[in-house]
């Protein structure tokens, strides 16, 4: 028997040390030593005396605590950090050594196995010893303890400790095992009386072969389960990859069709170009013949001009010679310009030059130069000349040259016109030339030749003067009038030949106003757009866009805003390949800007830019920018993104599936990154997340984006419906007949399935991260669910949405309208553990009530479901308090929607008038949580009558439950009528005279003190004064302490408000004096707080009161030492106080202004809370 007892004790010791129940092991050590069983305590002694586990320096430090100094703590922290770094390094080295040793050990084992295979077993004794060792070490093959195994062993150890008489050890074991109720042992094979002995006997009687077989079966089962999980996981991944591959195939098919269409268009374009080339060759042959005819005409014209020149007087000849010399100089100048621009000449020109002689080419060049001179003159002098007749040089350099035949005709007309104007006094020559021009169909240039040079010089000179003067003029023009310079600046930029000057003028245009407002930016942008239309794509890219790039990091946000606005408007006037490269890069930098208005403008212009992109190569980059802007911290940026950018990206990219998949991923990842509410594994709080401001904002805007995308999802679902005949009859709503066809599972409908197969489960997972206070995010999910039911119709709500959420909260549901392939995923939403059931009640039930059953068409179903929860649930014999509180919180969220108030009040009245006590108490709890979501009218009509009915109930539990609800009403409403009703009802409660009613009334009104009216504060103060002056109804110390704590909490709450001088003198100070009479019932922290409050409220008279009361109060010495030797601000005068009556204070000095002491009182409240916690812990330890 002793051997058995020792073995069981050793088993218990081993279990406690292995499971790290150190406190229980320590208590067991003492009880074993007290019992004289030192043999069984040897291992425990060795464990607790081991310096590795319990270093002597730490024990000595704990035994002699010292006052921590900041400098010492900092040095210790640095030393610990250094030691931690060294330990991590040593740990890494040790792990490397372990891995090397494992490899070496494996090699030795392999070598040893080869040697042992050639030898025989030594003897039967060694075999038995090995079998015993295998049996002894069998625990090492079992792996770590499972949850149910640990629970069974915990209960068996507890039972053993109680049977063995180690009651203190059993109590410590109770406290140390926090995640299990050791008193309840459910029916299982392990649940037997005196379990640890049975386990011991079973172990001794079992054979090694049976144990090994069972262990092998367990291991095989575990491996099969793990393999099954891996196969399921692989199956799901394969299905996801299959869906993704099919979507990619569809996208590639569409792109292939688009490319084939483009190839066909290009082939037709090539054919058209070939035809045009043949036509141009034919026209070139005609031009060659025309050139030969015109050569003869030129020779005749020159001979006639020579004969006419002999009749001109010497003055005219001299002027003519001067004119010719200037013409030659201009020709040389134009020839130089043409040499620079030879690369831009027409490709037909080399063919023409091969067919004519060198002499003819020289003549053509001369005539061409004369024509260019007149073109510049006509441009500078604003002469209306058709572009087809006299194009400027700038147009020739841009690639818009005429054919050689057209150039030759115009050169001929210029030469003829010059000749006519030189011989202007000879009418016969003029008439002759006019006839020749008419015969040859040549259009003469309408210009006076004697003034051509002057007009040319004036035109170019005017542009140059304007370009030089504008940068000097602009700074001296008033800002409000600078817009009047825009036509001049645009004209100079458009016509000036020098690129550097144009860049300078363009810089002046962008910087016309230092910090332009909205109207001024609009004027500048209109000017830039007009200029871009005039100068063409190349000059817009080389002159206007660089100005945007240079000012992208300007110090003034107005200038950066101008850049953001210009990107979208100038994109139309540049080449397509520039739009999704340079302009997109500018926008990408602008969305990182620190100014909100700049980011908002960048969002708007990015939406304008997307339709102008030539392709969707940059789609994923744009999508990333979209999500970044949707999660922007500024509300206006988010609004603009939702309104403009999100629809633009969906329409442009046509990748709604990808956007939705990324969106749900962002929502869940944002929630999962938040820390849990609690670090205790296995608790509900460890699954709920603490949302910071930034995380809450991100999830909220992403849910808003999901709601914005719902119309696109609905449209795509209807558009891709495989049952087109049914869709045409039902329109945009999902009918029951359509759902029946969908349930057949014959044809896939992925756009429709995404909502209830992907979206709803992800939203349920998100809801399971939301704690009870996150009503805003839960409200956002609810609105989305209501929008889904509104768009898809009642049939979808009844047969698809409702079953999904009923399964998610653990209820049974009909899945007849789901395809069989989807059933497993929907059933997987059902909670499988007690913890998951609690999470479903806390997180998913509010969505079911408000978002699914809260739809207008589900009114009757909602009433039945609420009656099942509230009425029938409270009639159960042993309802779970936690579960009902969670249901109450779900109903509280449901009541945040005002349209459901009438329904919930009908059910509440049914509960109020019920004869069931638990139902009445539940009604009081529901009324309390509903109060913040109602107005004074509803409170007067429904809540107060119901509470009055409950308050008059003969059952004390019902009555006390209604008191808290009255306090909630007092906290939220300041209406005089409501306050009067509360006072009357509180008087009725206090008339009972019971201790519980008094405490409940005081604490209910204390909660309302900071928010209620002055009348209710005065009422509370008067009641506390009356109750503190009366002797306590019970002499029990615990009840007196509870009563004193409630009164002190009320005093401290009232001290934070503005009380009248009369109330302070007649009620406030006497109440504190009455409380200080019973020092045994007064908490030390409350005592200190009352002393400080009395000193501040009474001015200098408190020291006098303290000394007169003397040893009766026991506070004179403490106050004197706290405030100094002289004790205060007032004179020390004797004051006679009657010890039998409540203390009446003397006339106090007028208190200081409330503004001077209110902050100090608030600070004192938090300070005394810390003192109270410290002193109370010491006091509790003394009582124990």
Helices (runs of 4 or more DSSP H) lying entirely in region 71-180 (those with 2 or more residues that are in contact with a helix residue (DSSP H, G or I) (Cβ under 8 Å, 6 or more places away or on another chain), surrounded by 10 or more Cβ atoms within 10 Å (Cβ to Cβ) and at pLDDT 80 or above): 147-164, 167-176
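Taking residue 606, is it modelled with pLDDT of 90 or more and crowded, with 16+ Cβ neighbours inside 10 Å? Can you show your working first?
Numbers: modelled with pLDDT of 90 or more: yes; crowded, with 16+ Cβ neighbours inside 10 Å: yes.
So residue 606 fits the description; yes.
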Do you know which residues across region 19-47 are within 17 Å of residue 171 (Cα to Cα), more than 54 Å from the chain's Cα centre (by Cα) and outside any helix (DSSP H, G or I)? none
Residue 848 being in contact (Cβ under 8 Å) with a residue 40 or more places away in the chain, surrounded by 19 or more Cβ atoms within 10 Å (Cβ to Cβ) and either within 22 Å of the chain's Cα centre (by Cα) or under 17 Å from residue 889 (Cβ atoms) (or both): yes
Residues that are surrounded by fewer than 14 Cβ atoms within 10 Å (Cβ to Cβ) and either assigned to a loop (DSSP other than H, G, I, E, B) or in the same structural domain as residue 781 (by TED's automatic domain parsing) (or both), drawn from region 655-677: 673, 675
If you go through region 687-701, how many residues are exposed (fewer than 14 other Cβ atoms within 10 Å of the Cβ) and either in contact with a helix residue (DSSP H, G or I) (Cβ under 6 Å, 6 or more places away or on another chain) or not in a loop (DSSP other than H, G, I, E, B) (or both)? 2
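What do you reckon, is residue 715 out of contact with any helix residue (DSSP H, G or I) (no Cβ under 7 Å at 6 or more places or on another chain) and either at pLDDT 90 or above or surrounded by 20 or more Cβ atoms within 10 Å (Cβ to Cβ) (or both)? I'd like the intermediate steps shown before the answer.
Values: out of contact with any helix residue (DSSP H, G or I) (no Cβ under 7 Å at 6 or more places or on another chain): yes; either at pLDDT 90 or above or surrounded by 20 or more Cβ atoms within 10 Å (Cβ to Cβ) (or both): yes.
Yes.
Which is assigned by TED's automatic domain parsing to the domain that holds residue 1045, in contact with a helix residue (DSSP H, G or I) (Cβ under 8 Å, 6 or more places away or on another chain) and over 23 Å from residue 905 (Cα atoms), of 990, 1021, 1005?
Numbers: 990 fails: assigned by TED's automatic domain parsing to the domain that holds residue 1045; 1005 fails: assigned by TED's automatic domain parsing to the domain that holds residue 1045.
One residue alone meets the criteria, 1021.
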Any idea which residue in region 953-982 is nearest to residue 1001 (Cα to Cα), counting only those that are surrounded by fewer than 16 Cβ atoms within 10 Å (Cβ to Cβ) and at pLDDT 90 or above? 980
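Where in region 592-647 are the helices (runs of 4 or more DSSP H), entirely inside, with at least 1 residues that are farther than 21 Å from residue 521 by Cβ? Write out each step before concluding.
Numbers: elements: 596-609, 619-630, 635-640.
By residue number, 619-630, 635-640.
The values are calculated or read from the model by the stated rules, or taken from the named source; none is laboratory data. The model shown is predicted, which means the values in this text are computed figures rather than measured ones. Note that we place each Cβ from the backbone using ideal geometry, even for glycine, and neighbour counts take in every protein chain shown.
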